[in-house]
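**Q** Before I ask anything, let me first share the structure, which is written out below as structure tokens.
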Amino acid sequence: MPKNHIGPDAILQKKSEYLIPCVYHFYKRPMQIVRGEMQYLYDHTGKQYLDFYGGVSVMNAGHGNPEIVEKICEQVRTLQHTTTIYLTQPIVDLAERLAHITPWPLKRSFFCASGSEANEGAALLAQLYTNKHKFVAVQQGLHGRTKLTMNLTGLQMWRTDPNPLSDVIHIPGAYCYRCAYELTYPLCNLKCAGFLEDVVKSGDFAAFIIEPIQGNGGIITPPPQYFTVIREILDKYHVLLIADEVQTGFGRTGEMFALEHWDVVPDIMTMAKALANGSPIGAFITNDKIASSYTRPGASTTGGNPVSATAALATIDVIEKYQLVQKAKDLGNYLKDKLLEIKQKHSLIGDIRGKGLMVGIELVKEDKIPAIKEIDYILEDLKNHGVLAGKTGVSRNVLTFQPPLVITRNDIDRVIEVLDKILLSTEKRP
Ligand SMILES: Cc1ncc(COP(=O)(O)O)c(C=O)c1O
């Protein structure tokens with residue numbers, strides 16, 4: 001082991017002594033990750049891993065992408081931080097760029113340091129604009145870890161707040177594989193979307209916040225027309241639509257932003273994660289009219305600082321130059337086709353869903369019982385075979401692939417081959 005790498009045991013020891021215990025990690029036998037190169041990560045022993053989780057949908061342009069790293073380094077050497085009390089150029093260049101790549105009349109941005117902060121700011125903006133105070137969100141959603149965003153979060157696992165707010169109502173998401181109403185699309189008439197009307201008709205609601213595809217919820221992908229119904233209801237009751245694109249943005253789903261698949265326009269959109277390919281950043285963007293309601297001072301100390309803004313600009317350059325949005329679409333279709341092929345052989349695969357390179361495989365036993373123990377074997381075995389994947393879902397039984405968008409068909413073939421073998425051996429386990 002190189003002497004500057006202390007190794008997993010020493011890290012675990014320090015972690016247990018110095019980190020707040022809420023910081024959890026994957027794997028029974030975790031490795032120390034020391035280096036990344038595009039779709040690959042390397043551990044302290046030099047072992048290579050094909051990263052099919054991308055740091056939870058962050059590294060869309062690949063680990064250590066040289067075209068991004070160069071620009072970050074140049075910016076760090078030149079000017080790192082000033083705050084927005086002084087004028088700098090990268091923040092306005094980035095805002096202009098976002099206004100151009102968002103296909104809607106979304107034009108004015110506010111920059112901060114994380115997805116939670118972006119959602120918190122978006123919620124505040126919705127309250128300022130509507131003069132209303134309540135929010136609706138979906139039961140399978142995750143929106144952050146601040147007081148309000150943890151309350152907007154529906155997933156129980158991430159709702160640690162011992163004193164929950166009463167201003168947030170959660171409705172069932174469009175989880176067709178396990179429909180809350182035991183109905184089937186399209187005969188269901190989108191009852192789950194329609195239920196929103198029962199909630200918002202009281203008139204107290206500022207906004208409905210939703211991830212177009214609920215990532216942590218298990219890559220829950222609403223059917224066609226879902227967002228059209230949602231938009232109509234929200235317009236009827238003057239409630240804003242906040243699209244949380246923190247996990248789905250920047251090409252991940254085969255469109256620059258996931259809501260484009262449904263051709264519906266949000267009032268406010270939030271971004272983070274892949275926006276700067278691993279540099280801490282968050283942002284929300286809205287139209288002129290809504291933006292004009294937020295005039296009192298607002299700031300986030302490191303929000304839109306020259307380094308994160310430069311990293312984001314360089315990331316968008318790479319996404320466009322290498323057509324990563326189209327690549328995500330094509331490779332995502334290829335990956336799904338291959339998964340559907342192996343599904344025939346494996347009773348553990350209950351459902352395959354998602355768009356582009358945001359794919360969830362819900363693992364189940366008989367009668368759709370969540371395969372909770374099995375997914376842990378599979379994740380560990382995949383890791384031992386040099387493949388990293390994620391785990392999401394209400395019951396934490398959804399094997400999740402969100403690789404950097406720079407992967408190849410060969411990478412997909414390799415993952416499928418390994419997964420096929422591991423599923424077979426898992427199905428044989430007592
Ligand atoms: C959809 C979504 N929104 C918000 C967040 C919170 O972002 P952050 O961890 O950057 O605060 C996350 C994080 O996982 C997320 O997946």
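Any read-out appearing in this document is the output of simple, stated calculations on the displayed coordinates, not a laboratory observation. It should be emphasised that the depicted structure is a prediction, and the values quoted were computed from it without experimental measurement. Counting neighbours? That spans all protein chains shown, and the Cβs are built from the backbone with ideal geometry, glycine included.
**Q** Going by C-beta contacts inside 10 Å, put Ile342, Ile210 in order with the fewest on the left.
**A** Values: Ile342 17, Ile210 29.
The most exposed by this proxy come first: Ile342, Ile210.
**Q** With the chain treated as a Gaussian network of Cα nodes joined by springs under 10 Å, which of Ile209, Ile416, Ile68 yields the largest mean-square fluctuation?
**A** Top of the fluctuation ranking is Ile416.
**Q** For the range 371-430 and the range 239-276, what is the centre-to-centre distance using only Cα atoms, to the nearest Å?
**A** 26 Å
**Q** In sequence order, what are the phi-derived ³J(HN,Hα) couplings for the range 146-160 according to the Karplus relation 6.51 cos²θ - 1.76 cosθ + 1.60 with θ = phi - 60°, rounded to whole Hz, with x for glycine and proline?
**A** 7, 3, 6, 5, 5, 6, 6, 5, x, 5, 4, 4, 9, 9, 8
**Q** Can you tell me the order of 321-331, 245-255 when each peptide is scored by its average per-residue count of other Cβ atoms within 10 angstrom, highest first? Provide the component values of the computation, followed by the final result.
**A** Details: 321-331: 18.6, 245-255: 28.1.
Result, highest mean Cβ count within 10 Å first: 245-255, 321-331.
**Q** Determine the percent antiparallel among the DSSP beta bridges restricted to the chain, to the nearest 5. If you can, show how the numbers build up before the last one.
**A** On the way: 32 of 49 bridges.
The antiparallel fraction comes to roughly 65 percent.
**Q** So, in Å, what gap is there between the alpha-carbon centers of the range 175-199 and the range 38-98?
**A** Cα centroid of the range 175-199 versus Cα centroid of the range 38-98: 40 Å apart.
**Q** Out of residues 5 or more away from Ile281 or on other chains, whose amide H comes under 5 Å of its own, with H placed 1.01 Å from N in the peptide plane?
**A** Residues meeting the amide H criterion: Lys273.
**Q** Also, I was wondering about something else. Students often forget the sequence filter, so: which aspartates and glutamates lie under 20 Å Cα-Cα from Lys373 once same-chain residues fewer than 8 apart are removed?
**A** Qualifying aspartates and glutamates at Cα under 20 Å: Asp351, Glu362, Asp381, Asp420, Glu427.
**Q** Any lysines with Cα under 24 Å of the Lys191 Cα? List them, leaving off those in the same chain fewer than 8 positions away.
**A** Filter leaves Lys134, Lys201, Lys236, Lys355, Lys368.
**Q** Would you mind ranking Lys355, Lys15 so that the residue whose beta carbon has the fewest other beta carbons within 10 Å leads the list?
**A** Values: Lys355 22, Lys15 15.
Ascending Cβ contact count within 10 Å gives the list Lys15, Lys355.
**Q** For the chain, take the alpha-carbon Rg, divide it by the Kirkwood Rh, and send me Rg/Rh.
**A** On the way: Rg = 21.4 Å, Rh = 22.3 Å.
Reported Rg/Rh, Kirkwood definition of Rh: 0.96.
**Q** Label the range 66-321 by shape, choosing from rounded, prolate and oblate, from the square roots a ≥ b ≥ c of the eigenvalues of the Cα gyration tensor; if a/c is under 1.5 it is rounded, and otherwise prolate applies when a/b is larger than b/c, oblate when it is not. Spell out each step's value before the answer.
**A** Working: a/c = 1.92, a/b = 1.61, b/c = 1.19.
It is prolate, given that a/c is not under 1.5 and a/b is the larger ratio.
**Q** If amide hydrogens are placed 1.01 Å from N in the peptide plane, which non-local residues have theirs closer than 5 Å to the one on Gly218?
**A** For Gly218, the qualifying residues are Gly393.
**Q** Applying a 10 Å radius around every beta-carbon, put 47-53, 292-298, 422-428 in order of their mean neighbour count, most first. All intermediate terms of the calculation are to be shown ahead of the outcome.
**A** Details: 47-53: 20.1, 292-298: 10.7, 422-428: 15.3.
Answer by packing, highest mean first, reads 47-53, 422-428, 292-298.
**Q** Would you mind putting 26-38, 136-148, 90-102 in packing order, based on average other-beta-carbon counts within 10 Å, highest first?
**A** The peptides rank, most packed first, as 136-148, 90-102, 26-38.
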